[in-house]
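This report concerns only the one structure given below.
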Amino acid sequence: MIKQYLTHLSTFIHNLKFDQIDAKTTHHAKVIFADCIAAMIGGQAEQEMLALTPRFAQNQSPNATIIGTTLQARAMDAAFLNGSSGTFLEMDEGNQFARGHPGMHVLPALLALAEQKKISGEAFITAFVIAYEVAARLGIATHLRHSMHPHGTWGVVGGVAGLTKLKKYDAETIKRGINIASSLSLATSRKTMLEGGTVRNVYTGVSNQMAHLALDLLDSGFDGEHDGLSSVFGHVVSEQFDPSAMINGLGETWEMDRNYFKLHACCRFNHAALDALMHIINIDGDQIDVNNISQIDVSTYNLAAELNDPKPRNSLAARFSIPFAMATTLINGTSDISSFSGDALIHPATLNLASCVRVNENPAMSAMLPDKRPAQVQITLSDGRRFSHEVETNRGDWQDPYSQEELQVKYLSLCERRWHSDHALEIYKDIMKIETASSLNGLMKKMRLASA
């Protein structure tokens, strides 16, 4: 069966029907849908996106919405912009087993195609679940080189899986699309996130864009390798690829069901330390004067321990810095987007406190990956008193999920950067019943009107 895994996978994609997906999973897909839309809107309000977007909105015959604006562009360009804005604030959902963000890697591509055609809400959610599943499983099946950033790599394959499902292609054509898409990954650099190289913010956008290019190539008669996944993800970007991970339990379990959501506006690797810090603040905050903190020690797993820059050069680098995240949260009393942008980046008290943070790897914690994402935080005051707490998993994952109410508050807070709250709430309600819609055109039009 392993030799035929691509045929098995493509046949599954072709055959899957909406009513074969658990109601719990389809509901969760809609929550992820809304969360991704909010992340796109929040990111679209950033200076770089405001400057970049008009360059693509001037194309002739635009037919896909640039979310968070009144503008449209070609489907490929809209997918690029929406995917890029969606990762800008580090607020997009993810999957720790895939070691990346499947939702934002596929949803912009699917929305751009769905807007061109009369695709029902049921068909869209089915394609979204499939696209997410394929992207996440590919992330699980491979172990990218440590020097690579996972954005812009396996996501394009998930995007094509969803696009070919929306176009109702047969299994053999779906397989051809997957093989084409496997060759369209980026050579992404992990250093961008550590050094504040904001080109990293478009990796996910390019992945959505490449999914559309792969579809165009497929429709034009191009072909890929016979087994592009094993070739590219087993020998080029990684030396390990497990084809059984692509098909074992297909349709029995869904990777969407064990995703995570974010409320802290920074890299997920920061979240365990921030969860521990928030516990300390909630329990002992009245005893802690930030001016009397002499040292903060963070013990955590290897991937998080790399985020140790106390003087990040911009908002991206700040979101990938545990010292800054700890300091700005203590100074500002929040870990939302306001603490990782603008004047918060140069606040003298924050930078001074960040210099007091020590981050170290605990090998025992590293060994708990990927099931757990642990951290221990200890705050030492100048008078010698110490306050500490340890967590094993991050809030917001399937083991300790946020409530739908908490996620809706996040949704509104991000949407209000571009939309009035009444419009945002109306669109949220539409998303949560999207399976009843005959097409997505009304929803997308409503999004453009909300931005007016």
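Observations
- Count of the stretch 171-208 residues which are among the β-branched types (V, I, T) and in a loop (DSSP other than H, G, I, E, B): 1
A quick yes/no check of all residues on (1) touching a helix residue (DSSP H, G or I) at 6+ places or on another chain (Cβ under 7 Å); (2) surrounded by fewer than 20 Cβ atoms within 10 Å (Cβ to Cβ); (3) modelled with pLDDT under 95; (4) not assigned by TED's automatic domain parsing to the domain that holds N360:
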position: Q376; (1), (2), (3), (4): yes, yes, no, no
position: L381; (1), (2), (3), (4): yes, yes, no, no
position: R386; (1), (2), (3), (4): no, yes, no, no
position: D400; (1), (2), (3), (4): no, yes, yes, yes
position: C415; (1), (2), (3), (4): yes, no, no, yes
position: W419; (1), (2), (3), (4): yes, no, no, yes
position: S438; (1), (2), (3), (4): no, yes, no, yes
position: L443; (1), (2), (3), (4): yes, no, no, yes
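Here is a yes/no grid of residues against (1) closer than 23 Å to R395 by Cβ; (2) of a type outside the set (V, I, T); (3) in the same structural domain as F97 (by TED's automatic domain parsing):
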{"position": "M278", "(1), (2), (3)": "yes, yes, no"}
{"position": "D284", "(1), (2), (3)": "yes, yes, no"}
{"position": "Q295", "(1), (2), (3)": "no, yes, no"}
{"position": "V298", "(1), (2), (3)": "yes, no, no"}
{"position": "E306", "(1), (2), (3)": "yes, yes, no"}
{"position": "D309", "(1), (2), (3)": "no, yes, no"}
{"position": "A317", "(1), (2), (3)": "no, yes, no"}
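- For the residues S321, S230, the requirement of being over 25 Å from A367 (Cβ atoms), hydroxyl-bearing (S, T, Y) and in contact with a Pro (Cβ under 9 Å, 6 or more places away or on another chain) singles out S230.
- Filter pass, L229 being at pLDDT 95 or above and within 30 Å of S341 (Cβ to Cβ): no
- Taking the criterion of being out of contact with any Asp or Glu (no Cβ under 7 Å at 6 or more places or on another chain) and over 16 Å from A135 (Cβ atoms), the residues of the stretch 195-216 that qualify are E195, G196, G197, V199, R200, N201, V202, L213, D216.
- Only one entry of F80, F97 meets the criterion of being in a helix (DSSP H, G or I) and either assigned by TED's automatic domain parsing to the domain that holds E255 or charged (D, E, K, R) (or both), and that entry is F80.
- Residue among V106, V31, V129, V134 that is assigned to a helix (DSSP H, G or I), of a type in the set (A, V, I, L, M, F, W, C) and within 12 Å of the chain's Cα centre (by Cα): V106
- Residues that are at positive phi and in contact (Cβ under 8 Å) with a residue 24 or more places away in the chain within the stretch 39-80 comprise just one, G68.
- With respect to (1) within 20 Å of the chain's Cα centre (by Cα); (2) at positive phi, the lone exception for D397 is condition (2).
- Subset of the stretch 117-148 [among the polar types (S, T, N, Q), farther than 19 Å from H28 by Cβ and touching a helix residue (DSSP H, G or I) at 6+ places or on another chain (Cβ under 6 Å)]: T142
- Count - residues of the stretch 388-398 that are among the small types (G, A, S) and either under 24 Å from D336 (Cβ atoms) or surrounded by 17 or more Cβ atoms within 10 Å (Cβ to Cβ) (or both): 1
- Considering residues of the stretch 1-44 that are among the hydrophobic types (A, V, I, L, M, F, W, C), farther than 19 Å from G162 by Cβ and modelled with pLDDT of 95 or more only, the residue surrounded by the fewest Cβ atoms within 10 Å (Cβ to Cβ): A23
- Test: residue in the stretch 281-301 that is modelled with pLDDT of 95 or more, within 24 Å of the chain's Cα centre (by Cα) and not in a helix (DSSP H, G or I): yes
- Filter result for V199 (free of Cβ contacts under 8 Å to residues at least 24 places away in the same chain and touching a helix residue (DSSP H, G or I) at 6+ places or on another chain (Cβ under 8 Å)): yes
- Entirely in the stretch 332-433, the strands (runs of 3 or more DSSP E) that have 3 or more residues that are without any contact (Cβ under 8 Å) to a residue 60 or more places away in the chain and among the hydroxyl-bearing types (S, T, Y): none
The values are calculated or read from the model by the stated rules, or taken from the named source; none is laboratory data. Fair warning: this is a prediction, and the values are worked out from it, not measured in the lab. Positions of Cβ are backbone-derived with ideal geometry, glycine not excepted, and every protein chain shown enters the neighbour counts.
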